[in-house]
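**Student:** Okay, handing you the structure first.
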Amino acid sequence: MMSKYKLLTGMQDFLPEDTKNWQYIENIFYEWVDSYAYESIRTPILEAKQLFVRSVGETTDVIGKEMYTFQDISSEEIALRPEGTVSTLRAVIEHNYLYSGPKKLWYYGPMFRRERPQKGRYRQFHQFGVEALGFSGVDIDAEIILMSFDLWKRLGLESNVQLEINTLGNGEERRNYRQYLVKYLEKHKHLLDEDSLRRLDSNPLRILDTKNPELQEICNQAPRLVDFIGEESKLFYDSLKMILTELEIPFHENHRLVRGLDYYNHTVFEWTTKQLGSQGTVCAGGRYNGLIQELGGSDVSGIGFAIGMERIILLMRTLGCFDFKNEIDFYVVSQNEKCLIKAMKYATILRSHHYSVYTYLGEQKIGTQFKKANSSGARYAMVIGESELEHNTITFKDLRSGKGQRTIESENMICFLQEWVK
Ligand code: HAM
């Protein structure tokens, strides 16, 4: 059948074969954040456009080129959130939520960026993010990275992802570095591509992040930010590396890692995989001291990261991590309408005992219903025919192993199943 309407470019539908995988991963995520005592926060998808412009940075691609914005009926400038950090901070400040001390929060939901779609890059995508607010020491940087490392183990991905870290120093150190970087890049201006030329005035540090193979040598030879940071920043960074080593978390220092959002300083990091081509960053984050104050809150620091759910799903599918059996316990087969009504009552009791039950609906011969039960992957069939109806009994048939079938008094159903279904 040809649908009259199609998905918008860069959007995706997820059918039950996919959502099973999503739910599997989501459950691991929920347990994981619980085990670190992070608390959940939910914020709206729509926010004031200025919130993102001011904090993520006007010259970044996310804001300058990719944000979905519109004017609502009262001419207010609205944006579909392109990320979750800033919305979280807005909410925390608005509700004065840090009044009682530091907080560890997590969120999960759709984000929107009008990027050029490709495998692993979509216009609506989902982030699972954590933010630790009000902790200034390097211990939280280490714990945050440890937490992400732990997640890969829980997902069985630890040998397929690599950690890259860098320090961006503080704002002043970066401004100083920027002058030297621009001078250097100006000298090679004739070799820069269109994107880099555009960034030369607005966001030169991002040029270092370029994927263009022809620019790699120029970027490799560029002055390094790490050589421009002061003693205090360096000490902070060295302490982080020392703790990561002690915690046995392998990392690679990437002096060109600058991140695509403007609010970062000091620690930045990314977890990447080689399995997903150019969209291989599965998790990214860093420290954003000063941002909470800039948005109207108190002068406390923050650090966090976000995981791209679609990329985790793609990676796990590539590695063959998903192989779910159908989870139906009972498939209800009934001879006629009266039998069906009775079966519905029994099915409700089964469900209240945490069994999953699929009831066949419609007018098909019992033989056809059995065929469907067999191909459904269910473990057992629950059969109600005329005889069962008349004698208040239920027949259970094993569809997978060789236990055959048993007819029992309906009032003994749960007792019987506790033994039989083990
Ligand atoms: P980000 O690097 O922009 O950081 O995004 C984080 C992750 O979201 C990426 O590493 C990637 O896995 C996923 N992602 C981003 N864009 C797309 C896309 N178009 N399609 C599919 N996946 C995508 C942030 O958003 C920061 N808020 C992270 C953070 C939290 N920093 C501190 N706290």
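**Student:** Looking only at residues in the range 271-283 that are assigned to a strand (DSSP E or B) and surrounded by 22 or more Cβ atoms within 10 Å (Cβ to Cβ), which one is farthest from the ligand (Cβ to nearest atom)? Steps first, please.
**Tutor:** So in the range 271-283, the residues assigned to a strand (DSSP E or B) come out as 271-272, 281-283.
With the extra rule that they be surrounded by 22 or more Cβ atoms within 10 Å (Cβ to Cβ), the set shrinks to 271, 282-283.
On the way: W271: 8, V282: 5, C283: 6 Å.
Top of the filtered list is W271.
**Student:** Moving on to the next point. With (1) within 16 Å of the ligand (Cβ to nearest atom); (2) open to solvent by 30 Å² or more (accessible area, probe 1.4 Å) as the list, and E31 as the residue in question, which single condition is left unmet?
**Tutor:** E31 satisfies all of (1) within 16 Å of the ligand (Cβ to nearest atom); (2) open to solvent by 30 Å² or more (accessible area, probe 1.4 Å) except (1).
**Student:** Further, regarding this structure: Every residue in the range 284-295 that is part of a loop (DSSP other than H, G, I, E, B) and open to solvent by less than 10 Å² (accessible area, probe 1.4 Å), please. Before you say what the answer is, go through the steps one by one.
**Tutor:** Let us first name the residues in the range 284-295 that are part of a loop (DSSP other than H, G, I, E, B), namely 288-290, 295.
Once the filter is applied, which keeps residues that are part of a loop (DSSP other than H, G, I, E, B) and open to solvent by less than 10 Å² (accessible area, probe 1.4 Å), the range 284-295 yields only Y288.
**Student:** For a quick check of your reading: which strands (runs of 3 or more DSSP E) sit entirely within the range 319-393 and have at least 2 residues that are under 22 Å from P16 (Cα atoms) and in contact (Cβ under 8 Å) with a residue 12 or more places away in the chain?
**Tutor:** Values: elements: 330-334, 357-359, 380-384.
Here the list reads 330-334, 357-359.
**Student:** With the requirement that a residue be closer than 19 Å to Y180 by Cβ, more than 31 Å from the chain's Cα centre (by Cα) and either surrounded by 17 or more Cβ atoms within 10 Å (Cβ to Cβ) or modelled with pLDDT of 90 or more (or both), what does the range 192-208 give you? Even if it seems obvious, please write down each step before you answer.
**Tutor:** Step one: of the range 192-208, the residues closer than 19 Å to Y180 by Cβ are 192, 196-197, 199-208.
If we keep only those that are more than 31 Å from the chain's Cα centre (by Cα) as well, we get 192, 197, 200-201.
Matches in the range 192-208: L192, L197, L200.
**Student:** Let me ask something else. Out of curiosity, is G304 within 8 Å of the ligand (Cβ to nearest atom), out of contact with any Cys (no Cβ under 7 Å at 6 or more places or on another chain) and within 17 Å of K103 (Cα to Cα)?
**Tutor:** Working: within 8 Å of the ligand (Cβ to nearest atom): yes; out of contact with any Cys (no Cβ under 7 Å at 6 or more places or on another chain): yes; within 17 Å of K103 (Cα to Cα): yes.
So G304 passes the test.
**Student:** So is D299 open to solvent by 30 Å² or more (accessible area, probe 1.4 Å), in a loop (DSSP other than H, G, I, E, B) and under 30 Å from K104 (Cα atoms) or not? Before the answer, list the steps.
**Tutor:** Values: open to solvent by 30 Å² or more (accessible area, probe 1.4 Å): yes; in a loop (DSSP other than H, G, I, E, B): yes; under 30 Å from K104 (Cα atoms): yes.
Yes: the conditions hold for D299.
**Student:** Within the range 209-217, can one find any residue that is in contact with a Leu (Cβ under 6 Å, 6 or more places away or on another chain) and surrounded by 14 or more Cβ atoms within 10 Å (Cβ to Cβ)? Let's see the steps before the verdict.
**Tutor:** Restricting attention to the range 209-217, the residues satisfying the condition of being in contact with a Leu (Cβ under 6 Å, 6 or more places away or on another chain) are none.
Looking for residues that are in contact with a Leu (Cβ under 6 Å, 6 or more places away or on another chain) and surrounded by 14 or more Cβ atoms within 10 Å (Cβ to Cβ), one finds none in the range 209-217, hence no.
**Student:** While we're on this one: Looking at this structure, is L215 more than 11 Å from N166 (Cα to Cα), within 16 Å of the ligand (Cβ to nearest atom), modelled with pLDDT under 95 and of a type in the set (A, V, I, L, M)? Please lay out each step first, then the result.
**Tutor:** Numbers: more than 11 Å from N166 (Cα to Cα): yes; within 16 Å of the ligand (Cβ to nearest atom): no; modelled with pLDDT under 95: yes; of a type in the set (A, V, I, L, M): yes.
Here the answer is no, as L215 does not meet what is asked.
**Student:** In addition: Which of (1) modelled with pLDDT of 95 or more; (2) open to solvent by 70 Å² or more (accessible area, probe 1.4 Å); (3) more than 16 Å from the ligand (Cβ to nearest atom); (4) of a type outside the set (K, R) does E17 not meet, given it meets every other one?
**Tutor:** (1)
**Student:** Just checking, does the range 54-74 include any residue being within 13 Å of the ligand (Cβ to nearest atom), part of a helix (DSSP H, G or I), out of contact with any His (no Cβ under 8 Å at 6 or more places or on another chain) and modelled with pLDDT of 95 or more? First the steps, then the outcome.
**Tutor:** In the first step, residues of the range 54-74 are kept if they are within 13 Å of the ligand (Cβ to nearest atom); the result is 55-57, 60-63, 65-68.
Then drop every residue that is not part of a helix (DSSP H, G or I), which leaves 55-56, 61-63.
Checking which are out of contact with any His (no Cβ under 8 Å at 6 or more places or on another chain) leaves us with 55-56, 61-63.
Subset that is modelled with pLDDT of 95 or more: none.
No - not one qualifying residue is present in the range 54-74.
**Student:** Answer yes or no as to whether E143 is touching a strand residue (DSSP E or B) at 6+ places or on another chain (Cβ under 9 Å) and part of a helix (DSSP H, G or I).
**Tutor:** Numbers: touching a strand residue (DSSP E or B) at 6+ places or on another chain (Cβ under 9 Å): yes; part of a helix (DSSP H, G or I): yes.
Here the answer is yes, as E143 does meet what is asked.
**Student:** So, in the range 107-124, of the ones that are of a type in the set (K, R) and either part of a loop (DSSP other than H, G, I, E, B) or buried (at least 19 other Cβ atoms within 10 Å of the Cβ) (or both), which residue ends up nearest to the ligand (Cβ to nearest atom)? I'd like the intermediate steps shown before the answer.
**Tutor:** Here is the first cut: in the range 107-124, the ones of a type in the set (K, R) are 113-114, 116, 119, 121, 123.
Narrowing the set further to residues that are either part of a loop (DSSP other than H, G, I, E, B) or buried (at least 19 other Cβ atoms within 10 Å of the Cβ) (or both) leaves 113-114, 116, 119, 123.
Working: R113: 5, R114: 9, R116: 9, K119: 10, R123: 7 Å.
Step by step, filter the range 107-124, then rank; the result is R113.
**Student:** Something else about it: Scan the range 243-259 and tell me whether some residue there is surrounded by 13 or more Cβ atoms within 10 Å (Cβ to Cβ), aliphatic (A, V, I, L, M) and either free of Cβ contacts under 8 Å to residues at least 60 places away in the same chain or within 12 Å of the ligand (Cβ to nearest atom) (or both).
**Tutor:** Yes, because at least one residue in the range 243-259 is surrounded by 13 or more Cβ atoms within 10 Å (Cβ to Cβ), aliphatic (A, V, I, L, M) and either free of Cβ contacts under 8 Å to residues at least 60 places away in the same chain or within 12 Å of the ligand (Cβ to nearest atom) (or both).
**Student:** Hey, any hits in the range 265-281 for a residue that's hydroxyl-bearing (S, T, Y), modelled with pLDDT of 95 or more and touching a helix residue (DSSP H, G or I) at 6+ places or on another chain (Cβ under 6 Å)?
**Tutor:** If we filter the range 265-281 for residues that are hydroxyl-bearing (S, T, Y), which is where we start, we get 267, 272-273, 278, 281.
Filter once more, so that each one left must be modelled with pLDDT of 95 or more: 267, 272-273, 281.
Among the residues that remain, those that are also touching a helix residue (DSSP H, G or I) at 6+ places or on another chain (Cβ under 6 Å) are: 267, 273.
Yes, the conditions are met somewhere in the range 265-281.
**Student:** Checking D238 against (1) within 25 Å of the chain's Cα centre (by Cα); (2) modelled with pLDDT of 95 or more, which test does it fail?
**Tutor:** Status for D238: all satisfied but (1).
**Student:** Out of the range 86-106, which residues are on the phi < 0 side of the Ramachandran plot and assigned to a loop (DSSP other than H, G, I, E, B)? Write out each step before concluding.
**Tutor:** Going through the range 86-106, the residues on the phi < 0 side of the Ramachandran plot turn out to be 86-95, 97-100, 102-106.
Once the filter is applied, which keeps residues that are on the phi < 0 side of the Ramachandran plot and assigned to a loop (DSSP other than H, G, I, E, B), the range 86-106 yields H95, Y97, L98, Y99, S100, P102.
**Student:** While we're on this one: Whether any residue in the range 125-144 is surrounded by 15 or more Cβ atoms within 10 Å (Cβ to Cβ), in contact with a Pro (Cβ under 6 Å, 6 or more places away or on another chain), closer than 29 Å to M11 by Cα and not charged (D, E, K, R) is what I want to check.
**Tutor:** Yes, the range 125-144 has at least one match.
**Student:** So, of the residues in the range 302-361 that are farther than 30 Å from T281 by Cα and of a type in the set (S, T, N, Q), which turns out to be surrounded by the most Cβ atoms within 10 Å (Cβ to Cβ)?
**Tutor:** Top of the filtered list is S334.
**Student:** State yes or no: is E83 open to solvent by less than 20 Å² (accessible area, probe 1.4 Å), near the ligand (Cβ under 8 Å from one of its atoms) and touching a strand residue (DSSP E or B) at 6+ places or on another chain (Cβ under 9 Å)?
**Tutor:** On the way: open to solvent by less than 20 Å² (accessible area, probe 1.4 Å): yes; near the ligand (Cβ under 8 Å from one of its atoms): yes; touching a strand residue (DSSP E or B) at 6+ places or on another chain (Cβ under 9 Å): yes.
So E83 fits the description; yes.
**Student:** Can you name the number of the only condition in (1) buried (at least 20 other Cβ atoms within 10 Å of the Cβ); (2) on the phi > 0 side of the Ramachandran plot that G156 fails?
**Tutor:** That leaves (1) as the condition not met.
The values are calculated or read from the model by the stated rules, or taken from the named source; none is laboratory data. All values derive from a computational prediction rather than experimental measurement. Neighbour counts run over all protein chains shown; Cβ positions are idealised from the backbone, glycine included. Calculation scope for accessible area: heavy atoms of the full protein, side chains included, ligands and nucleic acids excluded. Shrake-Rupley method; radii C 1.70, N 1.55, O 1.52, S 1.80 Å.
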